[in-house]
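Just so you know, all these numbers are worked out from the coordinates, no wet-lab data involved. Since we're looking at a predicted model, the values are computed, not measured. Virtual Cβ from ideal backbone geometry, glycine too; neighbours counted across all protein chains shown.
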Amino acid sequence: MPIDDEAGSGAAFSQSLERGLLILSSFSETRPVLGIADISRAVTLNKSTTYRYVATLARLGYLQQDPETKKYSLGPKVVDLGFAALNSLEINRVAAPCLQSLADEIGYTVSMAVLDGPDVVYVERRRSGRATSAFAISLNLHVGSRLPAYCTSMGKVLLAHQEPAVLRALLDRTDFARRGPKTLTNREQLTAALAKIRQTGVAVNDEELAAGLRSVAAPVRDRTGRVIAAINIAAHLTVWATTADTVVARLERPLRHTAAEISTRLGYR
């Protein structure tokens, strides 16, 4: 029987989200194009409720409507999500042993992140097996952690390799709040820094995210040459009180080597 209530089945459960996902799941290889009536039957919602959800999904780019038939098919946002999921799975599988080797070599935690809007999301973290290393550091970050891109080394690498129009849109959504003593809070300063990163191939974070924290990041490319992730090594002044240039001189070469190795394993030549 069709339903039209908005009540959830628990405080931690969103029925609206469930219905939106059910609508997207009703499309398949054998049923790539559906009308409102078809979708309504597939998800057991009445037509008016179905139309509201479909219109919202279409406006967000997850569905697209044929102007002649008025029927719907999956939109580009769904394709992007699918490719992102596949890429992430492949990246993690390929990168994990390389990141662990790097962490063991240098004695620091090594991370990998992808860009999600104006933020970076951590998709891999590897700590050094040398637990007694004087350079070992444990940050309050984990897989799934999210940080602003503009004030992190991996974020700056990923921003630097965006198309100009995409970059402008992302910076429009950035608040440029001061998070560390050296945060770049000026859009023009950040844009200049990103241009330099495109030239050098590495990004340095010198106390931009938090006091005492420094990191160096490099890009990871897929088989087409597109930058799809970034890896970094972070060090804190409490365990390595030296200049940012010294940190880069010590860590840049192994970092670049690992980023290149991961990219090669992903098919980049």
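Listing for the model above:
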{"item": "Listed residues Thr69, Thr49, Thr30, most fluctuating in the chain (Gaussian network, C-alpha, under 10 Å)", "result": "Thr30"}
{"item": "Spatially proximal lysines relative to Lys47 (Cα-Cα < 17 Å; intrachain offsets below 8 disregarded)", "result": "Lys70, Lys71"}
{"item": "Residues Tyr51 and Lys182, FRET efficiency given R0 of 51 Å [Cβ-Cβ distance, rounded to 0.05]", "result": "0.50"}
{"item": "Per-residue Cβ neighbour rank within 10 angstrom, fewest leading, Asp66, Asp38", "result": "Asp66, Asp38"}
{"item": "Built amide H within the under 5 Å cut-off of Thr109, gap 5+", "result": "Ser128, Ile137, Ala234"}
{"item": "Average projection area in nm² (convex hull over Cα atoms of the chain, one quarter of hull surface)", "result": "17.8 nm²"}
{"item": "Prolate/oblate/rounded call for segment 15-74, Cα gyration tensor, a/c under 1.5 rounded", "result": "rounded"}
{"item": "Whole-Hz couplings from phi, Karplus 6.51/-1.76/1.60, listed for segment 253-267; x for Gly and Pro", "result": "4, x, 5, 4, 4, 5, 4, 5, 5, 4, 4, 4, 5, 8, x"}
{"item": "Phi-based couplings in Hz for segment 217-226 (Karplus 6.51, -1.76, 1.60; Gly and Pro marked x)", "result": "10, 9, x, 10, 10, 8, 5, 8, x, 6"}
{"item": "Stretch gain in nm, segment Val143-Val33, where the contour uses 0.36 nm per residue and the Cα spacing is subtracted", "result": "35.9 nm"}
{"item": "Taking Val216, Val121 and counting other C-beta atoms within 10 Å, the order from fewest to most", "result": "Val121, Val216"}
{"item": "For Leu99, net neighbour charge (Lys/Arg +1, Asp/Glu -1) across residues whose Cβ lies under 11 Å away", "result": "-1"}
{"item": "About the Cα centre, charge dipole magnitude for the chain (Lys/Arg +1, Asp/Glu -1 at Cβ), debye", "result": "420 debye"}
{"item": "Which of Ser26, Ser16 has the fewest Cβ neighbours within 10 Å, and the rest in rising order", "result": "Ser16, Ser26"}
{"item": "Sequence-distant residues sharing a close amide H with Lys71 (under 5 Å, placed H)", "result": "Asp66"}
{"item": "Net lengthening on full extension, Ala58/Ser101 (0.36 nm per residue, minus Cα-Cα)", "result": "11.0 nm"}
{"item": "Options Tyr62, Ser26, Ser40, ranked by Cα towards positive dipole end of segment 15-74, top entry (Cβ charges)", "result": "Ser40"}
{"item": "Summed residue charge, Cβ within 13 Å of Glu163's Cβ, Lys/Arg positive, Asp/Glu negative", "result": "+3"}
{"item": "With Cα atoms, 0 to 90° folded angle of helix 15-25 axis to the chain main axis", "result": "80 degrees"}
{"item": "Reach of Lys196 by Cα under 14 Å, taken over aspartates and glutamates that are not fewer than 8 positions away in the same chain", "result": "Glu188"}
{"item": "222 nm mean residue ellipticity, helices alone, for the chain (DSSP H n ≥ 4; -39,500 (n - 2.57); rounded to 500)", "result": "-14000 deg cm²/dmol"}
{"item": "For segment 163-174, 3J(HN,Hα) per residue [Karplus equation, 6.51 cos²θ - 1.76 cosθ + 1.60, θ = phi - 60°, Hz, x = Gly/Pro]", "result": "4, x, 5, 5, 4, 4, 5, 5, 5, 4, 9, 9"}
{"item": "Helix 187-200 vs. the chain, principal-axis angle (Cα, 0 to 90°, nearest 10)", "result": "70 degrees"}
